1. Name the residue that is modelled with the highest pLDDT, counting only residues in the range 55-101 that are of a type in the set (K, R) and under 19 Å from H174 (Cα atoms).
2. Examine the range 309-329 for a residue that is among the aliphatic types (A, V, I, L, M), outside any strand (DSSP E or B), within 30 Å of W406 (Cβ to Cβ) and open to solvent by less than 10 Å² (accessible area, probe 1.4 Å), and state whether such a residue exists.
3. Keeping to the range 344-354, report how many residues are in a loop (DSSP other than H, G, I, E, B) and open to solvent by 40 Å² or more (accessible area, probe 1.4 Å).
4. Can you tell me which residue among F334, F315 is among the aromatic types (F, W, Y) and out of contact with any strand residue (DSSP E or B) (no Cβ under 9 Å at 6 or more places or on another chain)?
5. So the check is Cβ under 6 Å with 6+ separation or different chains; which pairs have a first residue in the range 285-313 that's without any contact (Cβ under 8 Å) to a residue 12 or more places away in the chain and a second one that's assigned to a strand (DSSP E or B) and open to solvent by 50 Å² or more (accessible area, probe 1.4 Å)?
6. A341 passes all but one of (1) of a type outside the set (S, T, N, Q); (2) in contact (Cβ under 8 Å) with a residue 24 or more places away in the chain; (3) surrounded by fewer than 20 Cβ atoms within 10 Å (Cβ to Cβ); (4) part of a loop (DSSP other than H, G, I, E, B); which number fails?
7. Out of the range 366-379, which residues are outside any loop (DSSP other than H, G, I, E, B) and surrounded by 14 or more Cβ atoms within 10 Å (Cβ to Cβ)?
8. Can you find, within the range 134-161, the residue that is surrounded by the fewest Cβ atoms within 10 Å (Cβ to Cβ) among those that are among the β-branched types (V, I, T) and touching a strand residue (DSSP E or B) at 6+ places or on another chain (Cβ under 6 Å)?
Amino acid sequence: MSIAARQPPLRESETQFDPMPPRRAQGEEEPVSWSEASRGWIIRGHEDVLGGLRDSRLGASYEDLLDVRLRGLSPELAGALRETFAAHPWDGREVALLRRQAAPGFTPQVLDACRPVIRGLATRLVRRGGQDRMDVVRAVCAPLPALVLAEVFAVPERDREPFLAWSSQLADFHSPAADADRGDLARAALGAARGLLSWLTPLLEERRRAPGEDLLSRMLQVEQPGARTAVQRVSTLALLLVCELGFVTDQLGNVLHEVLARPEIWRMLRVDRSRIRPAVEEALRFQPARPVLYRVVGEALTLRGRTLRPGEAVFLDVATANRDPRVFTTPERFEPHRDAARQKHVTFGFGLHHRLDAGLIRHELECVLEVLLEEFPGLRLDEERPPRLARHGPLVRGFETLPVRW
């Protein structure tokens with residue numbers, strides 16, 4: 001029985017998680033506190049969240065997070081999904097091995113070479129979005145991440161349609177809308193995972209024998225000791241990247257909303273494109289797509305005078321850490337001129353738990369903003385159609401619609 005089964009954490013869509021930290025009498029934030037509503041420890045504050053990301057005693061167990069998503073499903077369906085994903089572990093001791101396996105595919109040079117492809121895809125999506133208005137989530141943010149993966153994986157043209165369908169189904173399961181039918185999502189995800197993996201294995205064997213310049217070929221370059229082969233580990237990495245496409249979509253929408261909700265920022269970027277990168281970093285700080293990261297205590301530890309026991313749930317409050325006044329000046333203000341090198345957000349995690357695809361996501365964010373600024377310099381939020389959140393809970397935040405006009 002997994003830890004999560006013994007200590008069930010909250011669902012993504014539950015709203016009893018209180019994002020506001022408790023206050024001490026003198027007005028200081030409580031950095032570590034127990035929440036009965038969330039049934040776990042909440043860790044706030046930049047230093048403490050960084051410590052939680054570094055601490056090997058706080059396990060980033062995919063099995064436990066999967067249990068959250070499988071709650072309420074039939075035993076047969078839940079068991080089939082566990083079995084499918086258990087064959088491709090991406091937590092525990094595998095984390096360091098997977099990072100070494102992935103490293104050749106995510107160097108700055110490789111990612112820079114991907115930029116023209118990303119920009120071309122973003123341009124195509126933006127131009128077909130509409131005549132004078134569009135929903136930028138449905139037109140750009142939702143389709144772009146999977147199209148980018150298809151390109152950087154060099155998915156053969158004949159396989160593009162099924163690859164994009166599998167990607168959409170897995171992303172929807174791992175980043176579900178609050179009102180989605182979990183049974184339907186789970187059944188679709190099971191079929192998608194099986195289809196993707198059965199297609200991927202022979203493709204990787206072929207790339208191992210005859211490598212190209214694509215991301216999969218580059219990741220296959222690393223041979224490591226152990227029971228798992230390079231093909232098996234790259235298959236796991238590819239599955240991970242596909243499952244996390246919902247995060248990329250959500251983060252694209254969040255960043256665009258933060259920029260467009262401030263017309264003065266859009267006007268500044270229109271005049272000075274060099275400010276795109278710092279504006280993206282500030283938007284990432286301001287509105288992370290995963291406000292809270294879920295962990296489980298593997299070994300007892302004491303933190304800020306509190307004893308955390310094995311099996312207890314821990315929530316690393318990224319959103320609050322990103323607004324810690326001890327690290328960020330005027331943390332509640334959107335400051336596109338902020339020194340992001342000195343005031344570093346933790347939206348993409350840290351250390352061994354830093355997102356593998358963080359660099360790729362940054363390129364996507366910057367390219368989308370560049371293309372929108374060029375194509376529609378008068379872009380603004382559509383005042384007649386307010387945006388609507390699809391996911392708004394402690395573990396997931398993203399837009400279902402983000403209407404814009406020009």
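1. Taking the candidates together, the pick is R82.
2. Within the range 309-329 (the criterion being among the aliphatic types (A, V, I, L, M), outside any strand (DSSP E or B), within 30 Å of W406 (Cβ to Cβ) and open to solvent by less than 10 Å² (accessible area, probe 1.4 Å)), the answer is no, since none of the residues qualifies.
3. 3
4. Values: F315 fails: out of contact with any strand residue (DSSP E or B) (no Cβ under 9 Å at 6 or more places or on another chain).
Only one candidate qualifies: F334.
5. Once the first residue is without any contact (Cβ under 8 Å) to a residue 12 or more places away in the chain and sits in the range 285-313, no partner that is assigned to a strand (DSSP E or B) and open to solvent by 50 Å² or more (accessible area, probe 1.4 Å) comes close enough.
6. All conditions pass for A341, except number (2).
7. E366, C367, V368, L369, E370, V371, L372, L373, E375
8. Across the range 134-161, the extreme among qualifying residues is V137.
The values are calculated or read from the model by the stated rules, or taken from the named source; none is laboratory data. Please read all numbers here as calculations on a predicted model, not as lab measurements. Because the Cβ atoms are built from the backbone with ideal geometry, glycine has one as well, and the counts that use them run over all protein chains shown. Note: areas computed on protein heavy atoms with side chains; ligands, DNA, RNA excluded. Shrake-Rupley method; radii C 1.70, N 1.55, O 1.52, S 1.80 Å.
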